[in-house]
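One structure below.
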Amino acid sequence: MSVYGYSWETSLSYFLPILLLVIIPVITWLVWNVKTGRYTNMDVSNRIERKSLYLFLEGCIIVYLSYHYIVNGYLDFVLSFILILLFALQISNLFIKSSMHTSFNIFVAALFYSLNWRMGIIWLGIAVLVGITRVVLKRHTIQEVYMGAGIAIVISFIYLYCQIQFQH
């Protein structure tokens, strides 16, 4: 997304901290927990197992947001909303195992929509397909996919509203 509006060097300086502080630690956490038997699979399909995943994901994003704020003097808007989305999913996990795959893909559709409405619509189609595959693969029920989608739609609309407000 950053390559869309920035130079290669600026994009790399934006993405590298996300890679080092969020993506690599989360992948390492998932692999380690599957190998040690704490998680039954990389999907973390078990609602009980997800509790520690949410905490770890949120911790990584908070570390990144702190780093970004110290280095740049402002919060990363997109990652702040991803953190809000994670908190909402974590709360819903107390009642129903909402589909994280569907949620994140709907939020990504909103990110693309803010850049180009056609890309956003295409990614929304991908999010629908992801939701269908979660049910077909028996990782989620239809209600869990709807719950994940509903949470993401609300957070995405708030994100888009705030983005419009800050642009003007």
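Taking the range 131-156 only, how many residues are touching a helix residue (DSSP H, G or I) at 6+ places or on another chain (Cβ under 9 Å) and over 20 Å from GLN90 (Cβ atoms)?
Summing the residues that are touching a helix residue (DSSP H, G or I) at 6+ places or on another chain (Cβ under 9 Å) and over 20 Å from GLN90 (Cβ atoms) in the range 131-156 gives 4.
Looking only at the range 34-63, count every residue that is of a type outside the set (Ser, Thr, Tyr) and either assigned to a loop (DSSP other than H, G, I, E, B) or touching a residue at least 40 places away in the same chain (Cβ under 8 Å) (or both) and tell me the total. Can you show your working first?
Here is the first cut: in the range 34-63, the residues of a type outside the set (Ser, Thr, Tyr) are 34-35, 37-38, 41-44, 46-51, 53, 55-63.
Those left that are additionally either assigned to a loop (DSSP other than H, G, I, E, B) or touching a residue at least 40 places away in the same chain (Cβ under 8 Å) (or both): 37-38, 41-44, 46-47, 50-51, 63.
Residues flagged as of a type outside the set (Ser, Thr, Tyr) and either assigned to a loop (DSSP other than H, G, I, E, B) or touching a residue at least 40 places away in the same chain (Cβ under 8 Å) (or both) within the range 34-63 amount to 11.
Within the range 160-168, identify whether any single residue is polar (S, T, N, Q), in a loop (DSSP other than H, G, I, E, B) and modelled with pLDDT under 95, and answer yes or no. Working first, answer last.
So the first thing to find is which residues in the range 160-168 are polar (S, T, N, Q), and the list is 163, 165, 167.
With in a loop (DSSP other than H, G, I, E, B) added as a condition, the list becomes none.
The answer is no, given that none of the residues of the range 160-168 is polar (S, T, N, Q), in a loop (DSSP other than H, G, I, E, B) and modelled with pLDDT under 95.
Being part of a helix (DSSP H, G or I), at pLDDT below 95 and within 28 Å of GLY5 (Cβ to Cβ): is that true of PHE112 here? Please lay out each step first, then the result.
On the way: part of a helix (DSSP H, G or I): yes; at pLDDT below 95: yes; within 28 Å of GLY5 (Cβ to Cβ): yes.
Judged against the criteria, PHE112 is a match.
State whether one or more residues within the range 42-52 are of a type outside the set (Asp, Glu), within 14 Å of the chain's Cα centre (by Cα) and farther than 23 Å from TRP123 by Cβ.
Residues of the range 42-52 of a type outside the set (Asp, Glu): 42, 44-48, 50-52.
From the residues that got through so far, the ones that are within 14 Å of the chain's Cα centre (by Cα) too are none.
Looking through the range 42-52, none of the residues is of a type outside the set (Asp, Glu), within 14 Å of the chain's Cα centre (by Cα) and farther than 23 Å from TRP123 by Cβ.
Consider only pairs whose beta carbons are under 7 Å apart and that are at least six residues apart or on different chains; among these, list those whose first residue lies in the range 98-113 and is closer than 22 Å to GLU49 by Cβ and whose second residue is of a type in the set (Lys, Arg).
Sorted first by the residue in the range 98-113, then by its partner, the pairs are SER99/ARG134; HIS101/ARG134; THR102/ARG134.
Within the range 70-91, count every residue that is free of Cβ contacts under 8 Å to residues at least 12 places away in the same chain, assigned to a helix (DSSP H, G or I) and farther than 14 Å from ILE18 by Cβ.
Of the residues in the range 70-91, 2 are free of Cβ contacts under 8 Å to residues at least 12 places away in the same chain, assigned to a helix (DSSP H, G or I) and farther than 14 Å from ILE18 by Cβ.
For PHE166, all conditions in the list (1) farther than 18 Å from HIS101 by Cα; (2) under 16 Å from the mean Cα position of the chain (by Cα) hold save one; what is the number of the exception?
(2)
Take the residues in the range 123-153 that are among the small types (Gly, Ala, Ser) and in contact with a Ser or Thr (Cβ under 9 Å, 6 or more places away or on another chain); name whichever of them is farthest from ARG47 (Cα to Cα).
Restricting attention to the range 123-153, the residues satisfying the condition of being among the small types (Gly, Ala, Ser) are 125, 127, 131, 148-150, 152.
Cutting the leftovers down to in contact with a Ser or Thr (Cβ under 9 Å, 6 or more places away or on another chain) gives us 127, 131, 148-150, 152.
Details: ALA127: 21, GLY131: 17, GLY148: 13, ALA149: 17, GLY150: 18, ALA152: 18 Å.
Ranking the qualifying residues of the range 123-153, first place goes to ALA127.
Within the range 16-57, take every residue that is at pLDDT 95 or above and of a type in the set (S, T, N, Q) and give me the one that is surrounded by the most Cβ atoms within 10 Å (Cβ to Cβ).
Per the stated criteria, the residue is ASN33.
Give the residues of the range 92-109 that are part of a loop (DSSP other than H, G, I, E, B), surrounded by fewer than 19 Cβ atoms within 10 Å (Cβ to Cβ) and not β-branched (Val, Ile, Thr), sorted by residue number.
Within the range 92-109, the subset part of a loop (DSSP other than H, G, I, E, B) is 94-99.
Those left that are additionally surrounded by fewer than 19 Cβ atoms within 10 Å (Cβ to Cβ): 94-96.
Listed by number, the residues that qualify are LEU94, PHE95.
The values are calculated or read from the model by the stated rules, or taken from the named source; none is laboratory data. Model, not experiment: these values are computed from the prediction. Using ideal geometry, Cβ is built from the backbone for each residue, glycine included, and neighbour counts are taken over all protein chains shown.
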